[in-house]
Structure formats: C-alpha cells, structure tokens
Amino acid sequence: PPMDTLKCLTIPSASPPTPTDRNPYVRRFVLTLSCPDRMGIVAAVSTFLLEHRCNIVDSAQFGDALNGRFFMRVCFDAEAPRSVADLETAFARVAEPFGMQYRFYDTAIKPRVAILVSKFGHCLNDLLYRYRIGALPVEIPAIISNHRDFEALAAAHDIPYHYLPVEPATRADRKSVV
C-alpha cells in the first residue's frame with residue numbers, strides 16, 4: 001500500500017504522553033499544607049506556583065468548619081530545575097502570613113514504607129498487588145507482624161518479614177522497636 005495509507009493505519013498509543021514524558025527536565029512535585037482557614041489561601045498557592053513556572057495538574061482542598069482548619073494537596077510539574085529544599089525555602093514567604101504547615105515531595109523519590117499486618121491479610125494482599133503492578137510507588141523494606149501467618153506471602157514478594165510477638169507485658173517495648 002502507498003505510504004499515505006500506512007500513515008492513516010497508525011494506531012495511537014493507549015494513553016497520551018505526560019508532560020514529563022515529553023520533557024525530561026520537567027519534575028513532578030506534591031505540596032501538602034494545612035493552616036487556619038481563611039480567604040486567599042488557594043490564590044496565594046496558585047500565584048506562587050505560577051510565579052515559579054509550575055503547572056498544577058491536580059488539586060484538592062478541604063475546609064474543616066468544625067476546627068477552622070484548611071487542608072490542601074497540590075500536584076504540579078516544575079519546568080525549571082528545582083529541588084524540594086529550593087521550593088520549601090521560596091514558599092516560606094507565602095506560608096508565614098497564613099501560619100501554614102507545609103511539605104513538598106518529589107514524586108521521583110519513592111518513600112520507604114514498612115507494612116504492619118495483623119492476622120487478617122486482605123489489606124496486605126491489596127498493598128502487595130498494587131506494589132507489584134507499579135500502582136503503589138513505594139519501597140517496602142519490611143513487613144512486620146505479631147503473627148507468622150503471612151511470612152510466606154512476604155517471601156514470595158522478596159520482602160523481609162519480621163515476626164514480633166506481642167504480649168501485654170511487652171506491648172510498649174514492641175511499639176518502640178517498630
């Protein structure tokens with residue numbers, strides 16, 4: 001067939017490329033914050049991100065009327081080379097007037113998470129499945145339990161399993177070990 005026909009038959013990829021796929025210099029970050037609730041918080045955060053050439057890709061916020069606190073999580077792409085430390089330093093001038101507690105996370109850095117499991121394994125199975133297929137972007141250095149029931153499951157995933165039996169007399173000591 002002629003080349004024009006072959007071009008028409010090209011099947012597009014299943015999902016469009018993300019901004020980070022198109023530009024390896026784009027880094028994705030997450031900002032989480034909480035502070036006393038008042039007007040202007042979302043505008044201040046959005047303005048900061050715009051001024052620092054960041055593009056918001058996801059945002060969620062919640063004002064808790066019961067305790068008067070505001071909570072926000074913003075996922076964004078940064079075009080210029082940035083580090084978490086640079087972002088935190090620059091954001092301090094925005095955070096201070098609002099009394100914000102905040103933290104930036106680089107999504108390229110997987111957090112290390114130990115999983116604590118009891119006698120029921122449905123949640124452990126779900127977490128390990130998500131971890132295996134890449135839907136849970138974490139490192140799991142250990143699974144800890146006060147039962148031996150899921151030792152084989154941990155071994156099947158090549159994750160060290162730590163059995164810590166707990167008795168009423170050793171409960172406080174075991175909590176400090178974890």
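Tabulated data
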| item | result |
| --- | --- |
| Highest-first arrangement of 139-149, 84-94, where packing means the average Cβ count within 10 Å | 139-149, 84-94 |
| Per residue, in Å², the accessible surface of the stretch 24-96 once ligands and nucleic acids are set aside, probe 1.4 Å | 57 |
| Whole-Å distance, taken between Cα centres, linking the stretch 120-148 and the stretch 24-80 | 30 |
| Net +/- balance of residues flanking Ile115 in space, Cβ distance below 12 Å, scoring K and R +1, D and E -1 | 0 |
| Pairwise FRET efficiency - Ala169 versus Tyr105, Cβ, R0 = 41 Å, nearest 0.05 | 0.55 |
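The values are calculated or read from the model by the stated rules, or taken from the named source; none is laboratory data. For clarity, every value in this text was computed on a predicted model and none was experimentally measured. FYI the Cβ positions are ideal-geometry reconstructions off the backbone, even for glycines, and counts take in every protein chain you see. Note: accessible area is taken over every heavy atom of the protein model, side chains too, but ligands, DNA and RNA are not part of it. Shrake-Rupley method; radii C 1.70, N 1.55, O 1.52, S 1.80 Å.
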